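Data block below; observations after.
Bear in mind that the values in this text are calculations on the coordinates, not laboratory data. Source: prediction; values computed, not measured. Reconstructed Cβ throughout: ideal geometry from the backbone, glycine too, with neighbour counts over all protein chains shown.
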Amino acid sequence: MSTPPPQNTGFPHRHLLGIEGLSSTEITLLLDLSDAYVEINRSADKKRNHLSGRTLINLFFETSTRTRTSFELAAKRLGADVINISVSDSAIKKGETLLDTAMTLNAMHADVLVVRHPFSGGVTLLSQKVNCAVINAGDGSHEHPTQALLDAVTIRRRKGRLEGLRVAICGDVAHSRVARSNIHLLNTMGASVRVVGPPTLVPGQIGRLGVEVFHDMRKGIKDCDIVMMLRLQSERMHGAFVPSIREYFHFWGLDYAKLAEAKPDALIMHPGPMNRGVEIDSEVADDMGRSLIREQVEMGVAVRMACLEILTRIRTNGAPVPGPVT
Ligand code: NCD
């Protein structure tokens, strides 16, 4: 069923399924609103009522700490009721399909469904069957839009801009939805993106997304403003992609020796969860002068508040609520 997109919000989309296809104006709108929420979150009075009376359901088919918690916190700070469903205690364990589960939740009049699913495209499929807003909290190795938005807010607050920055995305690019969403966002916003990793972990076609590919870590991060590390996602690997963890760290792990190739004021990022001593040296990760990892987590709540506000504005503005699912 296709429903008319929201009007008059500056964000003419019913769902947030990916960064691909969003314009720089739409991305800037979300980043600016997130910035405002950062200030609210740092004040004593964090509560707002934009989502008062609304229900958000977190539907996670994969594990999550930061993403699920920050969506919950974001929704509660905006006054919504929140339900968390994880696969381990749902009817999915009894054989129910993804779509039947979604239809069930839809029938309970949820206003927003936040979905994480191991299948690339699974969240888009689900969004076509429900009449509430759907946010992709990560689908397979496809997209994780709110992660890219929170990374962008973090970078923009530190560097003052995205345009013209040189960003290296390093490590397990092949299995990373974070990499793909970041590539789309950074390209759209005028940054120049490099992808750095061993040939086994960098898809052959990735250059088509408008990135420069490097198979040598030192060359790849040379003169970069931002070094974004990715977790080695062994849960998505079938077979051996790296010879051993020790060798992986030796060649691809971010330590001070490799970091010296980047710009002297280069900043380090990681979406978490981190594998210390695998893709990143512990000391580098904890370097308060260079590492933005904690700030990324803080920005996550603000970005999710902004996304929830934008996607539910349509209904507060009195625009038509889409009809029932057929
Ligand atoms: C990422 C994810 O789930 O894609 N984590 C997150 O949301 N912060 C990255 C990862 O799992 O490595």
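For the pair A260 and R48, what calculated FRET efficiency results from E = 1/(1 + (r/R0)^6), where r is the Cβ-Cβ distance and R0 = 51 Å, to the nearest 0.05? All intermediate terms of the calculation are to be shown ahead of the outcome.
On the way: r = 44 Å, r/R0 = 0.87.
Computed FRET efficiency for R48 and A260: 0.70.
The residue among P243, I155, H184 whose Cα reaches farthest toward the positive pole of the charge dipole of segment 146-243, with charges on the beta-carbon of Lys, Arg, Asp and Glu, is I155. Shown is the FRET efficiency for K219 and M288, computed with R0 = 30 Å from the Cβ-Cβ distance and rounded to the nearest 0.05: 0.60. For the chain, the average shadow cast by the Cα convex hull is 16.5 nm², which is a quarter of the hull's surface. For G210, no residue whose modelled amide H falls within less than 5 Å of its own remains once neighbours fewer than 5 places apart on the same chain are excluded. For a straight C-alpha distance cut-off of 15 angstrom, the aspartates and glutamates reachable from K76 (same-chain residues fewer than eight places away being disregarded) are D45, D111, E309. The helix-based estimate of mean residue ellipticity at 222 nm for the chain, built from -39,500 (n - 2.57) per DSSP H run of four or more residues and divided by its residue count, is -11000 deg cm²/dmol to the nearest 500.
Here the simple spin-label model places points 7 Å from the Cα toward Cβ, and for S23 and R157 these points are separated by 2.8 nm. On a full-extension model of 0.36 nm per residue, what is the gain between Q205 and A36, subtracting their alpha-carbon distance, rounded to one decimal in nm? Gain in length upon complete extension: 57.1 nm.
Below 14 angstrom from the Cβ of G210, what's the summed charge of the other residues (Lys, Arg +1; Asp, Glu -1)? That sum, taken over residues with Cβ under 14 Å, equals +2. With the charge dipole of segment 2-152 set up from +1 on Lys and Arg Cβ and -1 on Asp and Glu Cβ about the Cα centre, the Cα lying farthest toward the positive end among the listed residues S120, G138, M108 is that of M108.
Close amide H partners of L267, meaning residues 5 or more places away or on another chain with modelled amide H under 5 Å apart, are I226, V227. From the largest down, segment 88-156 spans 43, 23, 22 angstrom on the principal axes of its Cα atoms. The three principal axes of the Cα atoms in segment 132-219 give end-to-end lengths of 41, 31, 19 Å, sorted in falling order. Rounded to the nearest whole Hz, the Karplus-based 3J(HN,Hα) values (6.51 cos²θ - 1.76 cosθ + 1.60, θ = phi - 60°) of segment 61-66 follow the sequence 9, 9, 5, 6, 10, 4, with x at glycine and proline.
Per residue, how big is the convex hull of segment 16-132 when only Cα atoms are used? Give it in Å³. Walk me through the intermediate numbers first.
Numbers: hull volume 13.9 nm³, N = 117.
Hull volume normalised by residue count: 118 Å³.
Of the Cα atoms belonging to segment 177-326, the radius of gyration and Dmax stand at 18.6, 59 Å. Between T65 and H250, residue separation times 0.36 nm minus the direct Cα-Cα distance comes to 63.8 nm.
The lysines whose alpha-carbon is closer than 16 Å to the alpha-carbon of K219, local same-chain residues fewer than 8 away aside, are K258, K263. Summary of packing: across the peptides 124-135, 209-220, 94-105, the per-residue average of other C-beta atoms within 10 Å ranks them, highest first, as 124-135, 209-220, 94-105. About the centre of its Cα atoms, the chain shows a dipole size close to 400 debye [charges on the beta carbon of Lys, Arg (+1) and Asp, Glu (-1) only; nearest 20 debye].
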